[in-house]
Amino acid sequence: MQRRPPAGGPANRALSHGAAKPVAFVLACLPFAWLVFAAFADRLGANPAEALIRSLGDWTLRFLVLVLAITPLRVSLGWPALLRLRRMVGLFVFFYACMHLLAYAWFDMEFDVAGIAADVIKRPFILVGFLSWLLLLPLAATSFNRAIRTLGARRWQLLHRAVYVIAGLAVLHFFWMRAGKNNFAEVAVYAAILGSLLAWRLWRRLKN
């Protein structure tokens, strides 16, 4: 019997190809590779440490938006093969969040554990960012088939709904960080996009 081509047209067929995951992996690594290169080549401006920390935070938010956009795009565009990339994109959210935290601990705090603990308590936006990272930990640790079998599909899905809380905390972290400079334009963009993605999910749930 002849195998039927995947639904969703050429884009979905491309996403179903065996090379799709490696290509997506390389693309997801490019921002980090550029930042490492820019740091060594002294291309991060007058305050390279701040630029690196903030850029890694920006990419964490971008990948968070991307992972939450996969399901709406899959349903709206008829690209079921997008689901193959969701786990990888989710792990890149965690990767960039870890690099963001590492850059802060290294360049801002010089790995002073007591200083970091005091900073977390003293500054709300650091506390919220740290809470977001803590919530990402169990999601990353259970992003494997064995974890799904161990937890059971229902409990696994319930745990991974924490991504919605993480999204809210991430925007709040960004908002408080920008409050010092009274610059909320980018915050509003991320809040609008994430709010739309969460509203789409709520609409689908109420509709069904």
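The values are calculated or read from the model by the stated rules, or taken from the named source; none is laboratory data. Note that the structure is a prediction, hence the values are computed from the model and not measured. Every residue, glycine as well, gets a Cβ built from its backbone with ideal geometry; the counts of neighbours run over all protein chains shown. For the accessible areas, the whole protein counts, side chains as well, though only heavy atoms, and no ligand, DNA or RNA atoms are used. Shrake-Rupley method; radii C 1.70, N 1.55, O 1.52, S 1.80 Å.
Things worth noting here:
- Verdict on LEU127 being closer than 16 Å to TYR96 by Cα, surrounded by 12 or more Cβ atoms within 10 Å (Cβ to Cβ), modelled with pLDDT of 95 or more and touching a helix residue (DSSP H, G or I) at 6+ places or on another chain (Cβ under 7 Å): no
- Per this entry, VAL65 is not counted among residues that are at pLDDT below 95 and in a helix (DSSP H, G or I).
- Out of LEU82, LEU73, LEU139, sole residue that is under 19 Å from LEU27 (Cβ atoms) and touching a residue at least 40 places away in the same chain (Cβ under 8 Å): LEU82
- Options PRO31, PRO80; residue that is more than 20 Å from ILE193 (Cα to Cα) and either surrounded by fewer than 16 Cβ atoms within 10 Å (Cβ to Cβ) or among the basic types (Lys, Arg) (or both): PRO80
- Considered as a group, the residues in the range 91-119 that are buried (at least 16 other Cβ atoms within 10 Å of the Cβ) and among the β-branched types (Val, Ile, Thr) include one that is nearest to ASN47 (Cα to Cα), and that residue is ILE116.
- Residue list for the range 117-162, filter: polar (S, T, N, Q) and not in a helix (DSSP H, G or I): THR142, SER143
- If the condition is being open to solvent by 70 Å² or more (accessible area, probe 1.4 Å) and either under 26 Å from PRO48 (Cβ atoms) or not aliphatic (A, V, I, L, M) (or both), then the range 131-153 contributes PHE144, ASN145, ARG146, ARG149, THR150.
- Residues that are part of a helix (DSSP H, G or I) and of a type in the set (Lys, Arg) within the range 163-181 comprise just one, ARG178.
- VAL75 meets all of the listed conditions (1) among the aliphatic types (A, V, I, L, M); (2) closer than 23 Å to SER196 by Cα; (3) open to solvent by less than 20 Å² (accessible area, probe 1.4 Å) but one, namely (3).
To keep it simple, each residue is scored yes or no on (1) free of Cβ contacts under 8 Å to residues at least 24 places away in the same chain; (2) assigned to a helix (DSSP H, G or I).
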| residue | (1), (2) |
| --- | --- |
| ALA46 | yes, no |
| ILE53 | no, yes |
| TRP59 | no, yes |
| ARG86 | yes, yes |
| PHE92 | no, yes |
